[in-house]
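Undergrad: Structure in structure tokens, see below.
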Amino acid sequence: MQKYDVAIFGAGIVGAFIFDTLTLKGLKCVLIDKGEDVCLGASKANSGIIHAGYDCARDTLKAKFNVLGNKMYPEIAKRLGEPIGECGSLVVGDKDSLLILTELLNRGMYNGVKNLEILDRSGLEKLEKNLNKNIAYGLYAKDAKIISPYHFTIALVEESLLNGGEIKLNYNVNSIQRQNDGYLISDGKENFMANYIVNACAEGVNEIGSLVGEPAIPLTYTKGEYVLLDKDEFGLACRPIFPTPTKNSKGILACPTVNGNTFFGPTAEDIKEYETSVTLSGINKIKTSILKMIDNVNFKRIIKLYAGVRVKTGDDFYINFNENKNYFVIAGICSPGLSAAPAIAEYVANSLIEKGLQVKAIKFTPRRPYTNILKLSNQELSNLIKKDKNYGDIVCNCEKVTKGEILEVLNRTPFKLTTDGIKRRLRVTMGRCQGSFCYPRLIKIMADYYNCDEKEICFRGKESLIVCDIKEGGIYAE
Amino acid sequence: MQNNYDIVVIGGGSAGLASAIKASKYGLKVAIIERDNKLGGILNQCIHNGFGLSYFKQELTGPEYANKFIQMLDGTNIDVYLNTTVLEIKKHFEILTISPKGLEKIVCKGIVLATGCRERPSGAINLCGSRPAGIISAGSAQKIVNLQGKMIGKDIVIVGSGDIGLIMARRLRFEGANVIGVYEIMPYPSGLKRNIVQCLDDYNIPLHLSKTVVEVVGKDRVKGVFVAPVKNDFSFDLDKREFIKCDTIVLSIGLTPSNELANQLGLKQNPLTNGCVVDEYLQTSTSGIFSCGNGLHVHDIVDNVTRESERAGENCAKYVLGQLNTTTPHSVYFGDGLRYVNPSVFYEGDEILTINFRSSKIYKNADIIVKSKDKEIRKINKKIILPAEMESVIISKKDIVGDLIVTIKEHKDE
Ligand SMILES: Cc1cc2nc3c(=O)[nH]c(=O)nc-3n(C[C@H](O)[C@H](O)[C@H](O)COP(=O)(O)OP(=O)(O)OC[C@H]3O[C@@H](n4cnc5c(N)ncnc54)[C@H](O)[C@@H]3O)c2cc1C
Ligand SMILES: Cc1cc2nc3c(=O)[nH]c(=O)nc-3n(C[C@H](O)[C@H](O)[C@H](O)COP(=O)(O)OP(=O)(O)OC[C@H]3O[C@@H](n4cnc5c(N)ncnc54)[C@H](O)[C@@H]3O)c2cc1C
């Protein structure tokens, strides 16, 4: 039976960082998720900001790991070939906001954040062109950055897979048994062994915890809704711009993405069950808040609505290593979980190594970023098309994605992708027409590649069928 | 093929074809660049009939209509580039294209932009709820059913009453789907009257006006929608919302010109059409670049696209030959009752001037009035004017003494 040093449950940004960190230290790891792809939870729908760390309460795990993680990101981004926007961030407020901003600055300094500065209106105007006239002051955190959170997660997993890591998707674990020589893990179909278990399942944390015999961790959910604007609106905010924070949330911000869009959000709505629908009231809240902060906004340019859920347990992250059980649980990783993830992973790795896991040097295979024809010079692109004409065949007109790029990603991903999976990797169907031109062709290309019928291509999971045969009269024909 | 032309037409749909054919009649060297693997544009997926009634005086399907023009190419020396996308246009007309053959630079003296339109996405109408499989734009649905031979679902709700949605309602019914209804937020349909009659009424598909989808339900695949009446201030009457079980939502919520290249070039845009600002020759704010068809403003009848685009091709040829008269410009404004007007500028002369526009609401028994310096030049009485149908007035420039203003005035007494 296959045996691993560590089995990591949950392929969000936290699980992916742990997987990658441990794999690169020469440990034999497997990443397990119940979904059909990696990054299907909060890590795919958040603000994508690597916070500086001024917002976290003093002496918390949040503060510690956020500040550490922030420093780690640029180098990791470089290694993975992932874009990172070192744009800084702003918290802005009216003439009465100076006190709150100063408190944030002080908290930031206490947390170890460098490069914080309070700006007045004229200082702000040098950075941003569309601030509402009521905005008088701002806290400028130069160390904040932006990334594509889902792309980053995907890249981390790819890097580990290239360096000896293994992955199991669609794996619904139903038993975890402690035996003399480690844990026996099973979904009733496929069994394997692991010495250590790392549980990074966010909303599913108790599903794994209960199988290991741990008491349930109480979870609460706060939904965050977003609106995404057409690329034409890029520049509305040149960096994340937050309002002055309230007790519950950092507020609804205006923010650029590394791909050249602008978004507004998130709301902070407490919900009973984990679900990601978007509501009319949420959208209206976003519109009202943004107009107080930003001018020249054109809501007609919204191309997409979406939402993510923050999973919390108490006020801080909950990170616990049960050394008797060889069981690590990382729970309640709400914001700033993305920022903190690399530092959490380093902490998990160090704890396991202290406990006795052996670090081994590996022959590092770097991850090659996906080809992006827009990043090539004309000469490079010409040469590429000469080698493979598919790189001259544009499928997605809005984002200019070629058939060559699509085939490349299908080819290098070791599991069957959905249209949503391809979208997150390449931006195909993610532009201003949201796939109304290229979606049919994308389905065809994927079906041809997987040598299956178009009706077997899914949007997300197995139940999310897209097309069916004509004569059957419908996908759900009785 | 060479890479030096007098005129390059970007887009090989009905607009591109008509303008290229007209331009080549002036003895100029013309090329059409089309990103698809065949000419014809959106017409290729419009396998229904109703095309060509005015231009050819016969009822054709979309592909048949396109073919008439594709055949006309035979008698010309127009070069056609297929599978070729224009990536960029540099000032003074160097065009960078990409195709499976590689990158290519093409130099020319005049350009006709005939890039067509695209569909607005769900975000544009703030479609709330979940985001499962089974939400599809009408154009995608049309492509999947008509060109790829697949079906998109069984119990179908159509959001928006655009023409493609209406045509698809009928098409999906033909293929055995249960088309539950068409929901339109406005108090009037946005598609053509004839499509309401021939696609909905004839098949007992209900059209619900002032009613829209306020929430999508379903995790993996659509399970249903909540619809609610729309109040006069466009807020939703959520107390009266009702659930409708369905597995598919087809969006037919409007088209907007594909203006990426125009924007890249910094051509002046008209926020009311989302296309370029043009003069009477269909020339944009950069001399030598012309715009026509759905890439200029969204048309409902292809015959009008053809006529407009013939003018663009002709004028682009005249520009290249130095024959375009652009002295003494005047503006065209619009007043009450219009949503927009094209062109924005015309020049003194003695030819005729075609003015296109759309009304801002339904008018019954109303006058279209064209005035120049308070002098009424033209008054046309219409039994009905619909926002869904583009109107045009043709006037003789000889009668004009200055700027023009177009208005619609309803006969109050009736
Ligand atoms: C609206 C919003 C905005 C945010 N903005 C920011 C920000 O700007 N900056 C920042 O630093 N942080 C931000 N965060 C926080 C950040 O997104 C999260 O902290 C982070 O994504 C959590 O990652 P994760 O890996 O713990 O969880 P997830 O990404 O949710 O991953 C959990 C994974 O576990 C899997 N899983 C669940 N149950 C099981 C099971 N039984 N078996 C196997 N697999 C299972 C799921 O399928 C999923 O893939 C934001 C969060 C939200 C919701
Ligand atoms: C779905 C639908 C149904 C209709 N039904 C009817 C009807 O029943 N009767 C009727 O009379 N009219 C109908 N019309 C109206 C009419 O057919 C269209 O308005 C007309 O065909 C549009 O022509 P076009 O050339 O402007 O645009 P398109 O046909 O869209 O052509 C534009 C072309 O430009 C190409 N292109 C765009 N950008 C680039 C680039 N960068 N590089 C290279 N190529 C590019 C595109 O691939 C496309 O082929 C319908 C329209 C639609 C959309």
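Undergrad: Among B:25-35, B:63-73, how do they line up from the highest to the lowest mean number of other beta-carbon atoms within 10 Å?
TA: Highest to lowest by the protection proxy: B:25-35, B:63-73.
Undergrad: If you take the alpha carbon radius of gyration of the range B:72-144 and divide it by 2.2 N^0.38 Å, what ratio comes out, to two decimals?
TA: In units of the 2.2 N^0.38 Å rule of thumb, it is 1.64.
Undergrad: Counting only protein heavy atoms, what percent of the accessible surface of the protein assembly as shown is carbon or sulfur at a 1.4 Å probe?
TA: 50 percent
Undergrad: Do any trypsin sites (Lys or Arg not before Pro) in the range A:163-198 lie in a DSSP loop with no more than 16 other beta carbon atoms within 10 Å, and if so, which?
TA: Those that pass, being in a loop and sparsely packed, are A:Lys189.
Undergrad: Using only DSSP helix segments of four residues or longer, with each worth -39500 (n - 2.57), what per-residue ellipticity at 222 nm results for the protein assembly as shown after dividing by its residue count and rounding to 500?
TA: Helices in the protein assembly as shown give a 222 nm mean residue ellipticity of -7500 deg cm²/dmol.
Undergrad: What does the accessible area per residue of the protein assembly as shown come to in Å², with a 1.4 Å probe and no ligands, DNA or RNA counted?
TA: Accessible area per residue, the protein assembly as shown: 41 Å².
Undergrad: Further question: How do the peptides A:154-165, A:18-29 rank, highest first, by the average count of neighbouring beta carbon atoms within 10 Å per residue?
TA: Peptide ranking by packing, descending: A:18-29, A:154-165.
Undergrad: Moving to a separate point now. Peptide A:391-400: average number of partner chain Cβ atoms within 10 Å per residue?
TA: The mean count of partner-chain Cβ atoms within 10 Å per residue comes to 4.
Undergrad: For B:Val9, what residues show an amide H to amide H distance below 5 Å, using hydrogens built from the backbone and excluding near sequence neighbours?
TA: B:Ala31, B:Ile32, B:Ile33, B:Val112
Undergrad: Using the Cα atoms as the points, what is the convex hull volume per residue of the range B:329-410 in Å³?
TA: Given the Cα convex hull of the range B:329-410, per-residue volume reads 72 Å³.
Undergrad: Here's another thing I want to ask about it. Mind giving me the nanometre distance, one decimal, between the label points for A:Lys114 and A:Lys71, set 7 Å out from Cα along Cα→Cβ?
TA: Roughly 0.8 nm, to one decimal.
Undergrad: Beyond a 30 Å Cα-Cα separation, which of these cross-linked pairs lie in this structure: A:Lys250/B:Lys223; B:Lys371/B:Lys412; A:Lys95/A:Lys287; A:Lys142/B:Lys91; A:Lys304/B:Lys154; A:Lys389/B:Lys318?
TA: A:Lys250/B:Lys223; A:Lys142/B:Lys91; A:Lys389/B:Lys318
Undergrad: A further question follows. Any idea what diffusion coefficient the range B:121-253 gets from Stokes-Einstein, in µm²/s, Kirkwood Rh on alpha carbon pairs, 20 °C, 1.002 mPa s?
TA: 148 µm²/s
Undergrad: In whole Å, what are the Cα extents of the range A:1-82 along the three principal axes, biggest one first?
TA: 48, 29, 27
Undergrad: Normalise the Debye intensity by I(0) for the range A:373-456, one equal point scatterer per Cα, no solvent, then take log10 at q = 0.17, 0.21 Å⁻¹ and round to two decimals.
TA: Treating every Cα as an identical point scatterer, log10 I(q)/I(0) equals -0.67, -0.99.
Undergrad: Taking every DSSP beta bridge with both residues inside chain A, roughly what % is antiparallel (nearest 5)?
TA: Taking every DSSP beta bridge with both residues in chain A, the antiparallel ones total about 75 percent.
Undergrad: Find how many whole Å separate the alpha carbon centroid of the range B:174-240 from the alpha carbon centroid of the range A:239-305.
TA: 28 Å
Undergrad: So which helices of chain B fit the span-like rule, where a helix is a whole DSSP H run, its Cα atoms reach 24 Å or more along the axis, and its mean Kyte-Doolittle is at least -1.0?
TA: B:302-320
Undergrad: Report, for the range B:121-253, the % of DSSP beta bridges that are antiparallel, rounded to 5.
TA: 40 percent
Undergrad: Whole Å is fine, so just give me how far the alpha carbon centre of the range A:409-458 lies from that of the range B:105-123.
TA: Value for the Cα centre distance between the two parts: 25 Å.
Undergrad: Related question: When the Cα atoms of the range A:320-478 are enclosed in a convex hull and the volume is divided per residue, what value in Å³ results?
TA: With only Cα atoms used, the range A:320-478 gives 218 Å³ per residue.
Undergrad: Once the principal axes of the Cα atoms of the range B:37-161 are found, what is the range along each, listed largest first in whole angstroms?
TA: The Cα atoms of the range B:37-161 stretch 50, 38, 26 Å along the principal axes, largest first.
Undergrad: Using a probe radius of 1.4 Å on protein heavy atoms only, what is the accessible area buried between chains A and B, both sides summed, to the nearest 100 Å²?
TA: 4200 Å²
Undergrad: Another question, if that's okay. Over the whole of B:93-106, what's the average partner chain Cβ count within 10 Å per residue? Rounded to a whole number, please.
TA: 4
Undergrad: In units of 2.2 N^0.38 Å, what is the alpha-carbon radius of gyration of the protein assembly as shown?
TA: Cα-based Rg divided by the globular estimate yields 1.02.
Undergrad: While we're looking at this one, here's another question. Could you order peptides A:356-362, B:295-301 by the average number of other Cβ atoms within 10 Å of their residues, highest first?
TA: Highest to lowest by the protection proxy: B:295-301, A:356-362.
Undergrad: How large is the Kirkwood hydrodynamic radius of the range B:30-83, counting all unique pairs of alpha carbons, in Å?
TA: The answer is 11.9 Å.
Undergrad: Would you grab the residues whose amide H sits under 5 Å from the one on B:Lys361? Only those 5+ places off in sequence or on another chain, please, with H modelled 1.01 Å from N.
TA: Answer set, sorted by chain and number: none.
Undergrad: Then there's this: Just want to confirm a number: the relative contact order over the range B:96-230, from Cα pairs under 8 angstrom separated by 6+ residues, in percent.
TA: Relative CO of the range B:96-230 lands at 23 percent.
Undergrad: Out of the chymotrypsin sites (Phe, Trp or Tyr not before Pro) in the range A:269-368, which ones are loop residues according to DSSP with at most 12 other C-beta atoms within 10 Å?
TA: Taking the range A:269-368 and a limit of 12 other Cβ atoms within 10 Å, the loop chymotrypsin sites (Phe, Trp or Tyr not before Pro) found are A:Phe364.
Undergrad: Let me ask something additional. Specify which residue in the list B:Gly165, A:Tyr450, A:Leu127 is farthest towards the positive end of the charge dipole of the protein assembly as shown, using unit charges on the beta carbon of Lys, Arg (+1) and Asp, Glu (-1), about the Cα centre.
TA: A:Leu127
Undergrad: How large are Rg and Dmax for the range B:187-261 when calculated on the C-alpha trace, in angstrom?
TA: Calculated on Cα positions, Rg and Dmax stand at 14.9, 45 Å.
Undergrad: If the reach is capped at under 25 angstrom between alpha carbons, list the lysines near A:Lys355, excluding any in the same chain fewer than eight residues apart.
TA: Reachable lysines: A:Lys3, A:Lys25, A:Lys28, A:Lys62, A:Lys64, A:Lys325, A:Lys363.
Undergrad: For the range A:344-478, what is the charge dipole size about the Cα centre, in debye to the nearest 20, if Lys and Arg each add +1 at the Cβ and Asp and Glu each add -1 at the Cβ?
TA: Roughly 620 debye for the range A:344-478.
Undergrad: Write down the radius of gyration of the range A:59-136 and its Dmax, each obtained from C-alpha positions, in Å.
TA: So, for the range A:59-136, Rg and Dmax equal 15.2, 44 Å respectively.
Undergrad: I would also like to ask the following. Take every residue in peptide A:384-390, count the Cβ atoms of other chains within 10 Å of its Cβ, and give the average of those counts.
TA: Mean number of neighbouring Cβ atoms from other chains: 2.
Undergrad: Sticking with this one: Based on alpha-carbon atoms only, what is the radius of gyration of chain B relative to the globular estimate 2.2 N^0.38 Å?
TA: 1.02
Undergrad: Assuming R0 = 35 Å, can you tell me the calculated FRET efficiency for the pair A:Tyr450 and A:Lys95, based on Cβ-Cβ distance, to the nearest 0.05?
TA: 0.05
Undergrad: Looking at chain A, I'd like the Rg to Rh ratio, where Rg is from alpha-carbon atoms and Rh is Kirkwood's inverse mean 1/r.
TA: Reported Rg/Rh (Cα atoms, Kirkwood Rh): 0.97.
Undergrad: Tell me, what ³J(HN,Hα) does each residue in the range A:273-282 have, in order and in whole Hz, if you take phi through Karplus 6.51 cos²θ - 1.76 cosθ + 1.60 with θ = phi - 60° and put x for Gly and Pro?
TA: Calculated HN-Hα couplings, in order: 10, 5, 7, 10, 6, 9, 10, 4, 5, x Hz.
Undergrad: Between A:Ser281 and A:Glu190, what's the calculated FRET efficiency when r is the beta-carbon distance and R0 is 45 Å? Round to 0.05.
TA: The formula returns an efficiency of 0.55 here.
Undergrad: Could you let me know the centre-to-centre spacing of the range A:201-233 and the range A:31-77, using Cα atoms, in angstrom?
TA: Each part reduced to its Cα centre gives a spacing of 13 Å.
Undergrad: Considering chain B as a Gaussian network with a 10 Å cut-off on Cα pairs, which listed residue, B:Lys101, B:Lys245, B:Lys371, attains the greatest mean-square fluctuation?
TA: Of B:Lys101, B:Lys245, B:Lys371, the most mobile in the Gaussian network model is B:Lys101.
Undergrad: Also, I was wondering about something else. Rounded to the nearest 5, what is the percent of antiparallel bridges among the DSSP beta bridges in the protein assembly as shown?
TA: For the protein assembly as shown, the DSSP antiparallel bridge percentage is about 70.
The values are calculated or read from the model by the stated rules, or taken from the named source; none is laboratory data. Since the structure is predicted, the reported quantities are computational estimates derived from the model, not experimental observations. Don't worry about glycine lacking a Cβ; one is built from the backbone with ideal geometry, like all the others, and counts go over all protein chains shown. Side chains are part of the model used for accessible areas, which takes the heavy atoms of the whole protein and leaves out ligands, DNA and RNA. Shrake-Rupley method; radii C 1.70, N 1.55, O 1.52, S 1.80 Å.
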